[in-house]
Amino acid sequence: MKALLLAGGLGTRMRPLTESMPKPMAPVGNRPWLEQLVLHLKSQGIREFVMAVKYFPDRIQKHFGDGSRFGVRIRYAVEPILLGTAGAIKNAEPLLGDRFLVLNADIIQNAPIEPLLRFHEAHGGAATIGLVAVDDPTSYGVVELDASGRILRFVEKPAKHEAPSNLVNAGIYILEKEVLRHIPSGREVSIERETFPLLIASGAGVYGKAIEGYWMDMGTRDRYRKVHWDLLDRTFRLPLQGKEWKKGVWVGEHTVVSSDVSLVPPVLIGDRVRIGEGSVIGPYAVIGDGCEIGRGVRVTETIMWNDCRVSDDAYLKGCIFGAGLQIGPRHFLYDAVVSRGAEVRPE
Ligand code: GTP
């Protein structure tokens, strides 16, 4: 079975981090999430991928090529205009088989695919939607299911006492080719708002099955942070790169940490990082590959992408830094989210 990864959206809620790159390429645990997703699906036996791209497609195409570097086969469906989640599937039609998996590539998850597939085969519907239970369903499209798991309707953003369940669309689907007949070509179509309700109204079987494992829609900067804290706390058990120097402190290869640096768990530090004397890193810090951190720097609750440079005596708390960012000496930054390649210096 092929997997179609929807990776063409603009990622507006994660700006400025997505100013010049697709959201699914944002690193999670120091590797692009899309790469982590491909490797997770590969571990589930999926070897053939189609990536539906539109926004900075070459960032994805250059990273993955034909997929052979990752031991998989990847083809691309590039949209002429933004076609929405269903329009992107329709656009990829020539590359898809009779039955295929579709994933929103910005959903952070490690769900096993086999139970979803077995459920889909047993129920024989046109579509099976992976569902996830949320604490507060009021900001989602909630599903109402019958006892067999058939979806009767979606209720958009219900009041708490009116929610028919706490199960929402997890952005993972198994679809039969016949679904494509219900998607018009050449215009923007949303699978959540248009195609699934249409399929249900037409009597085609649309089923829902709760997925297992970790799940988070990384869509916003706050949720992107939360994914990382869950990763460091190991409630999200994505394998971490590097060696665990002591409990909760993971350090990559060729990284040089001066002797009086304090690494306060949980912390993840990438490859080829240098950290100068007297710095305190953590708790809750993710430092990307190739970063250089000066002396006397304090970093907490911060995610730094690759190749950032932080000068001496800077104090960073609650920040997210895009790749290649440079911070001048003695800067105090709280809750700053800065895009890649920027320079923060005194005038
Ligand atoms: P926001 O602008 O912040 O809403 O983000 P988004 O549109 O990138 O993401 P959204 O959560 O709305 O979409 C879910 C997934 O579908 C993401 O992985 C998007 O990349 C992808 N997606 C959304 N719209 C399109 C589209 O028109 N084409 C393609 N190929 N993918 C899309």
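Considering only alpha-carbon pairs that sit under 8 angstrom and 6 or more positions apart, the relative contact order computed for the chain is 13 percent. Taking a Cβ cut-off of under 12 Å around Arg187, the surrounding Lys, Arg, Asp and Glu residues balance to a net charge of -2, with basic ones at +1 and acidic ones at -1.
For the chain, the carbon plus sulfur part of the accessible surface works out to 47%, probe radius 1.4 Å.
Between Gly130, Gly282, Gly203, the Gaussian network model of the chain with springs among Cα atoms under 10 angstrom shows the greatest mean-square fluctuation at Gly203. Note on Lys2: lysines with a C-alpha under 16 Å away, same-chain residues under 8 apart excluded, are Lys42, Lys90, Lys177.
Excluding same-chain neighbours fewer than eight residues apart, the lysines reachable from Lys317 by a Cα-Cα span under 17 Å are Lys226.
Scanning residues 5 or more positions from Leu131 or on other chains, those with amide H under 5 Å from its amide H are Ala170, Lys209, Ala210, Ile211, with H placed 1.01 Å from N in the peptide plane.
Net charge around Asn91, counting only other residues with Cβ within less than 13 Å of its Cβ (Lys, Arg = +1; Asp, Glu = -1)? Every neighbour counted, the sum reads +1.
Taking the C-alpha atoms only, the angle from helix 33-43 to the longest principal axis of the chain is near 60 degrees. Note on the chain: GNM, Cα springs under 10 Å; of Val142, Val261, Val102, the largest mean-square fluctuation is that of Val261. From the alpha carbon centroid of the stretch 272-341 to that of the stretch 140-164 is 44 Å.
The values are calculated or read from the model by the stated rules, or taken from the named source; none is laboratory data. Only a predicted model underlies this, so the values are computations on that prediction, with no experimental measurement involved. Methodologically, a virtual Cβ is constructed for each residue, glycine included, from the backbone with ideal geometry; neighbour enumeration extends over all protein chains shown. Just the protein is used for accessible areas: all its heavy atoms, side chains included, with ligands, DNA and RNA removed. Shrake-Rupley method; radii C 1.70, N 1.55, O 1.52, S 1.80 Å.
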